[in-house]
Amino acid sequence: MAIDFDSIVDRKNTHSMKWDEMESRYGISAEDGIPMWVADMDFRPPQAVNDMLKAQAEHGINGYYGDDDAFKQSIVSWMDRRHGFTVEKDWISTVPGVVAGYSLAIQAFSEPGDGVLVFSPVYHAFGRAVHANNRKLIESQLLIEGGQYKIDFETLPSLVDKKTKILLLCTPHNPGGRVWTREELEQICAFCLERGILIISDEIHEDLVFSGYKHIPTATLSPEIAARTITFSAASKTFNLAGFMTAAAIISDEDIRKRYAAQANACGIGPNRLGSLATTAAYNNGDEWVDAVVEYIEGNEKLLAEGLEAAIPGAKVMRLHSTYLSWVDVSGVDLPFNEVLRRIERDAKVAVNHGATFGKGGETFVRFNLACPRAMVTEAIARIEAAFADLRSQSGTAAAQEQA
Ligand SMILES: Cc1ncc(COP(=O)(O)O)c(C=O)c1O
C-alpha cells in the first residue's frame with residue numbers, strides 16, 4: 001500500500017515548534033502561515049513507531065529505560081543494511097540529540113580557546129555549540145562550483161594551527177544537501193590525520209539521500225580514519241522523531257570512547273525511554289517508509305526549485321542531493337535581501353530560515369523546509385509568485401525591450 005504523505009495533519013496547538021512558535025518568531029499566524037523553517041517533517045512516522053508508542057502508553061509506566069540491547073542491535077543492523085557500516089554494539093552510546101553529543105565531544109577533546117574547524121555555511125548549531133563552549137570557530141568557507149558546494153582545500157592549511165583540535169563535519173551537508181564523495185572525504189580526513197585533528201562526523205541526514213547519490217560513513221573510509229572519528233547519527237531526521245531528543249554516538253576507538261563516556265557521565269547522560277523505543281521500532285521497520293519519503297521529497301524539491309526560480313527573477317536554488325532543506329541564493333534578485341525576506345514572510349506568509357545564521361557564505365540565502373505535503377509546497381509557490389509579480393513583469397518588459 002502506498003504511504004500517504006499528501007494528507008495534511010493539523011499540527012497546530014500540539015506544542016510543535018515549527019507551527020506553534022511561528023507567530024512569536026516570525027509574526028506569522030499558524031492559521032494562514034506556511035512553516036518552512038525548522039527541520040522536522042509534517043509527516044507521521046512509520047506505523048510501527050506509533051503502534052509501539054501506543055502499546056507503551058497502554059502499559060502506562062514510564063520508568064527508567066534499561067536493557068538497551070534491542071536499541072543497539074537496531075542501530076547495528078540499520079548501519080550495516082543501509083550504509084555498509086559495520087558497527088559493534090559496544091561502540092554505541094545514547095545522547096539526548098546530536099548537538100548535545102558534539103558539545104560533549106568538544107568538552108572532552110579540547111580546551112577553552114582551542115579551535116574547531118567547520119565548513120561554512122553550515123547547520124547553525126555548529127557555531128552555537130563551539131561558541132557556547134568557549135572554543136574558537138574556524139570557518140572554512142565553501143566554494144560554489146557548478147551550482148554545488150565544494151571544499152576550498154587550497155586555503156584550508158592557512159586557517160588551522162596547533163590549537164585546532166576538532167573538525168565538525170556535516171555529512172551529508174546541511175545546508176545545500178551535498179553528499180561528499182569518497183575522494184573529498186578522504187582528502188578532508190587525511191588533512192585532519194596529518195594534523196592530529198579529531199573528526200566529529202554529524203551524519204544525521206545520511207538516510208535522506210536522493211537517487212543517484214551514496215552517503216559514505218566517514219568511519220568506513222579506513223581503520224586509521226575510524227580510529228580518529230566520532231560519528232553521531234539518529235533516527236530523528238530520517239523518521240521525524242526529533243522531539244524525542246535521542247541520538248547515538250558511535251566510537252570504535254577504545255580510548256576515545258572512554259574519554260567521551262567520562263564526559264557524558266559527568267553530565268549524567270542516560271537513555272530516553274520513548275526515544276529509544278521509537279528509534280528501535282523505526283530502524284527495525286522503516287526501510288520501505290524511508291525509501292518512499294525520499295522519493296516524495298525529491299518530487300517536492302523539483303517542484304520548489306523550478307517554481308521558485310520562475311517566481312522570483314534572479315533567485316538561484318542549489319539543487320539538493322540529500323536532506324529536505326532547499327537552499328536558495330537571492331543575491332541575484334533586484335531587491336535588497338531584507339525586502340526579499342519581507343515579501344516571502346510578510347506577504348506570502350511563508351516562514352523560512354535566514355542564511356546568515358548558517359555562518360560565512362550564508363548571508364544571501366534563505367532555506368525552505370520541503371518535508372511537508374505537496375499541496376503546501378504548491379501553495380507556498382503560488383503565494384510567492386504573487387508576492388514577486390511586479391519583478392516578473394519588469395523583467396519580462398526588459399527582456400521584450402532587449403529583443404525588440
Ligand atoms: C546537521 C544537523 N545536525 C544535527 C541536527 C539536530 O540534531 P539533534 O536534534 O539530534 O540535536 C540537525 C537539525 O536540523 C542538523 O541539520
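We did not get these values from a lab; they are worked out from the coordinates using the rules stated. Keep in mind the model is a prediction, meaning the values are calculated, not measured. As a convention, Cβ positions derive from the backbone with ideal geometry for all residues, glycine included, and neighbour counts pool all protein chains shown.
List of remarks:
- Anisotropy class of the stretch 4-81 from Cα gyration tensor, a/c 1.5 cut: prolate
- In the chain, the longest principal axis of the Cα atoms and the axis of helix 254-266 are about 80 degrees apart.
- Per residue convex hull volume, Cα atoms of the stretch 185-235, in Å³: 72 Å³
- Tensor-based shape of the stretch 11-150 (alpha-carbon gyration tensor, a/c under 1.5 rounded, otherwise prolate or oblate): oblate
- Helical runs (DSSP H, four residues minimum) scored at -39500 (n - 2.57) apiece and divided by the length of the chain put the mean residue ellipticity at 222 nm at -12500 deg cm²/dmol.
- If you model the chain as an ellipsoid using its alpha carbon gyration tensor, with each semi-axis the square root of five times an eigenvalue, the axes come out at 35, 27, 19 Å, biggest first.
- Highest average first, the peptides 222-231, 47-56, 99-108 ordered by how many other beta carbon atoms sit within 10 Å of their residues are 99-108, 222-231, 47-56.
- Spatially, the stretch 115-147 and the stretch 301-368 are offset by 20 Å when compared through their Cα centroids.
- The alpha-carbon of LYS136 sits under 17 angstrom from the alpha-carbons of these aspartates and glutamates, leaving out residues fewer than 8 places away in its chain: GLU111, ASP114, ASP161.
- For the stretch 177-205, backbone nitrogen atoms closer than 20 Å to the point 7 Å from ASP255 Cα along Cα-to-C-beta are found at 189-201.
- Taking each of LYS163/LYS258; LYS165/LYS360; LYS12/LYS302; LYS237/LYS302 in turn, the alpha-carbon distance never tops 29 angstrom.
- Here the stretch 254-289 is scanned for amide nitrogen atoms under 17 Å from the site 7 Å beyond the Cα of LEU53 along Cα-to-Cβ, giving 272-286, 289.
- Ratio of Rg to Rh over the stretch 60-285 (Cα coordinates, Kirkwood Rh, two decimals): 0.95
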